Structures are given as structure tokens and as C-alpha cells.
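One structure is given below, encoded as C-alpha cells.
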Amino acid sequence: MRADYHVHTEFSDDSDYAMEKVIQDSIAMGLDEICFTDHVDYGIKKDWDEPGKMIYRKGSPGEPDEMPLANVHYPSYYETFKEMWALYHDKIELKLGLEFGMQAHTIEKYEKLFARFPFDFIILSVHEVEDKEFWTQDFQRGRTQKEYNERYYEELLYLVENYHNYSVLGHMDLITRYDKAGTYSFEKLKPILTKILKTVIADGKGIEVNTSSYRYGLSDLTPSRDILKLYWELGGQMITIGSDSHKPEHLGRFINETKQELKALGFKKFCTFDKMQPIFHQL
């Protein structure tokens with residue numbers, strides 16, 4: 001069973017990978033199942049039907065000069081998914097999800113969004129805190145390494161204690177990817193990581209292994225082997241594997257390698273989801 005449970009399409013503002021092409025490529029490479037998890041980042045991005053002017057960012061190489069800082073166009077996303085399911089469901093399992101880039105002050109908006117559509121799967125991620133993004137260093141700027149790492153995990157702890165309509169935590173130690181000072185001590189973070197993981201497990205939720213660590217050239221998995229080992233020791237079993245693909249060259253990558261890593265840590269199974277319920281498969 002090969003499943004990619006973190007897949008972006010043209011409905012994410014940082015991808016132009018057409019949903020149908022994602023499906024066709026997934027079938028060609030022998031994937032059994034994929035889940036679409038396009039971006040929603042309330043606080044720094046706007047909904048298409050939100051009052052007021054759309055916000056734009058400068059286009060990256062290969063993009064138009066200006067790109068909208070926009071969340072998924074939800075009606076089009078859902079209608080396109082249904083059309084694609086009708087065309088391809090006999091060739092590959094297709095699941096409907098979103099990646100919720102949450103912050104403490106945006107919880108109410110996600111509660112309303114979750115109620116609008118029949119999701120199979122939701123990733124809870126933290127891409128920014130206090131509306132300050134990590135990849136730009138806006139969040140880290142003016143803070144010590146200790147301060148921004150602790151603040152990131154404090155936000156994550158608050159979210160898992162106060163929001164429950166999700167399936168797994170996405171790239172749980174994302175702050176490490178953008179930490180120019182190097183990897184912060186696991187032992188110093190272990191108390192708050194333990195609180196987060198115990199809360200996740202008690203709530204019947206899981207965590208993902210995000211295989212993008214390979215393409216970013218990181219020295220560890222995402223989340224780290226130490227975090228995964230702690231999750232296992234605390235009784236965590238619910239794991240999904242996702243490429244975090246935005247381009248064809250990302251899709252389905254490093255899934256087999258990740259399965260071997262999980263086996264080495266003691267895990268026996270991984271999960272897919274249907275209507276927000278986990279389905280366990282042998283690694």
C-alpha cells in the first residue's frame with residue numbers, strides 16, 4: 001500500500017500543479033491513494049470571497065509578477081475534486097483534505113470552514129505565529145533561538161488543547177527547517193514536546209512524517225527521529241506519510257525510505273483516512 005497524504009495542487013497559492021495532472025502522475029507511479037491537502041492560512045492570507053482588497057506578494061521565478069496571498073477557492077476545489085473522483089476513482093483512491101495553517105487567534109475561522117465540506121483528512125500545521133512567517137525569518141527576528149523555539153511549541157500546544165477537528169500534526173518541528181542557528185536541543189524541548197504528544201494521543205489524533213526533509217537536505221527526518229521515538233514511547237501509533245508535494249518532482253518521493261525509518265523506530269503501521277477516521281495499514 002503506497003499512499004501520499006500531503007499533496008498540493010493549483011488550489012494552493014504556492015503551486016500550479018493541476019489536480020488532474022497530480023492524479024495522472026500518481027497513477028503512473030503506482031500510488032494506491034492520495035489525499036489533497038491544499039493550503040489555508042488565516043491571518044496572513046485571505047479567502048477569495050472575503051470583503052476588502054486581495055493582498056498580493058511578489059512573484060517567484062517562473063510566476064507572474066504578482067501572486068495573490070489567497071486561501072483555497074473552496075467551492076471550485078470541492079467541485080473539481082468531485083469531478084476528478086468521478087473520472088478516476090476506479091484507478092486510485094482519492095481523498096479530500098486541507099492543510100490548516102493554524103494560529104491561536106484563527107481557531108474560530110477553521111471551525112467554520114471545517115463544517116462546510118465533508119473532509120476525509122485535515123492536517124494541523126503551524127506556518128506562522130502572531131501572523132509572522134518562519135521562512136521569511138519575520139518570526140525569528142528579534143528573538144533568541146531559545147525564545148522562538150519555545151514560542152513555536154507553546155503555540156502548537158495551545159492549538160492541540162483547544163482545537164480538535166484535525167487528523168494529524170503536519171511537519172511538527174517545522175521551525176527547525178528555518179532555524180539559521182542550527183537544531184535546538186531536543187532535551188530542552190522534551191517537556192513541552194511530551195505535553196503536545198500526550199494531548200494528541202489522548203485526543204485520538206496522530207502526526208505525519210513529512211518526506212520533504214530529504215529534498216530540503218535536512219540532517220534528520222521531519223519530525224526528527226527523537227520526536228518520533230518519543231511519540232512511540234508515549235504510545236502513539238497513528239502516523240501518516242506525505243511528500244508535501246507542490247511540483248511533479250516532489251510527488252510520492254521518499255515514501256518507501258520513510259517506511260523503513262519508521263520500522264527501525266518500532267512502528268508497525270501507518271494510516272490513511274476516510275471521513276476523518278483512520279485506517280491502519282502494515283508498513
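Computed from label points 7 Å out along Cα-Cβ, the spacing between H281 and E111 is 3.5 nm. Note on K180 and W135: the extension gain reaches 15.2 nm, defined as 0.36 nm multiplied by sequence separation minus the Cα-Cα distance.
Cα gyration tensor of the range 1-130, axes a ≥ b ≥ c as square roots of the eigenvalues: rounded (a/c below 1.5), prolate (a/b > b/c) or oblate? Could you put the intermediate results ahead of the total?
Details: a/c = 1.92, a/b = 1.45, b/c = 1.32.
Prolate, because a/c is 1.5 or more and a/b exceeds b/c.
For an R0 of 22 angstrom, estimate the FRET efficiency from the Cβ-Cβ distance between R215 and E20 and round to the nearest 0.05. Step by step, r from the Cβ atoms, then E = 0.40. The dipole here belongs to the chain: it is taken about the Cα centre, uses +1 on the Cβ of Lys and Arg and -1 on the Cβ of Asp and Glu, and is about 880 debye. Computed extension gain for I55 through D90, at 0.36 nm per residue and net of the alpha carbon distance, reaches 8.6 nm.
Taking the Cβ-Cβ separation of D32 and A264 as r and a Förster radius of 25 Å, what is the calculated FRET efficiency to the nearest 0.05?
0.60
Taking semi-axes √(5λ) of the Cα gyration tensor in Å as calculated from this structure, the corresponding entry among [x] 34, 21, 17; [y] 39, 18, 15; [z] 26, 24, 18 is [z]. Under 11 Å from a label point set 7 Å out along the Cα-to-Cβ vector of E161, the amide N atoms of the range 116-154 belong to 154. Each Cα pair under 8 Å and six or more residues apart adds its sequence gap; the mean of these over the residue count of the range 3-282 is a relative contact order of 20 percent. Considering only P51, P68, P191, the mean-square fluctuation computed in a Gaussian network model of the chain, springs between alpha carbons under 10 angstrom, is largest for P51.
Where only DSSP H runs of four or more residues are counted, the chain gives -10000 deg cm²/dmol as its mean residue ellipticity at 222 nm, each run worth -39500 (n - 2.57).
We did not get these values from a lab; they are worked out from the coordinates using the rules stated. Bear in mind that the values here come from a model prediction, so they are computed numbers and not experimental data. Cβ atoms come from the backbone with ideal geometry, glycine included; neighbour counts cover every protein chain shown.
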